[in-house]
Amino acid sequence: MPSLFRSLSIFALLTGYLATAAKTPYYIITNAETPSFNRPGLTPVGQRRANDCIPGLFSRFNIGMIISCTVDRDGEEGLGCPSAVETATPLATLLGLNVTTCGTGEESNDECVHNKIQKFNKASNQSVLIVWDASDMDNLLENADVNDAGIDEDTIGMQ
């Protein structure tokens, strides 16, 4: 019996330590499927994913903030961002959240996503979902200071 009590005490201490030491998770996804030839919007499959699949999955993850991208000021970069926002909007509506945006491209603040996550984490223990333009994912990962633990980009689905 004493060893069981000691094991439970160690487990409780370890669990408490991990709970206080762990940061809240954040999840990164790309926009749902878009039409070919750079046409705007989502395909019918993309719309089903945005309206049904993503809310069905992420509504269980205690999401408190959703971040997406916007087209840069000169309209040359982040052209897929409207599709990313369209992908994020049904979940945001379901959760009663607004989609917070950060710019893309040369003129944007590279620290925007990182700063918004840090500020949010100071006031909340909820998770963050980032829905980003698939063609600008490399810049997001670089600028958001995402630690991928040395995982090759091909391994995490980046081309």
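Just so it is clear, none of the values below were taken in a lab; they were calculated from the coordinates. Predicted, not measured: the structure shown is a model, and the values here were computed from it. Please note: Cβ atoms are built from the backbone with ideal geometry, for glycine as well, and neighbour counts cover all protein chains shown.
Relative to the Cα centre, what is the charge dipole magnitude of the stretch 23-143, using +1 at the beta carbon of each Lys and Arg, -1 at the beta carbon of each Asp and Glu, and rounding to the nearest 20 debye?
Approximately 840 debye in magnitude.
Please express the shape of the stretch 23-143 as an equivalent ellipsoid: the semi-axes are the square roots of 5 times the eigenvalues of the C-alpha gyration tensor, given largest first in whole angstrom.
22, 20, 10
Could you point to the residue in Ile29, Val131, Pro90 farthest towards the positive end of the stretch 23-143's charge dipole, with +1 and -1 charges on the Cβ of Lys/Arg and Asp/Glu respectively?
The residue sitting farthest along the positive end of the dipole is Pro90.
5 Å is the cut-off here: which amide hydrogens, built 1.01 Å from N in the peptide plane, fall below it relative to Tyr27, excluding neighbours closer than 5 in sequence?
Residues meeting the criterion, in which the H sits 1.01 Å from N, are Val128, Leu129, Ile130.
List every residue whose amide H lies under 5 Å from the amide H of Gly103, counting only residues 5 or more places away in sequence or on a different chain, with H placed 1.01 Å from N in the peptide plane.
It is Thr70, Asn109, by chain and number.
Kindly provide the GluC sites (Glu not before Pro) of the stretch 45-132 that DSSP labels as loop, not H, G, I, E or B, and whose Cβ sees at most 16 other Cβ atoms within 10 Å.
In loop regions of the stretch 45-132 (DSSP not H, G, I, E or B), the sparsely surrounded GluC sites (Glu not before Pro) are Glu76, Glu106, Glu107, Glu111.
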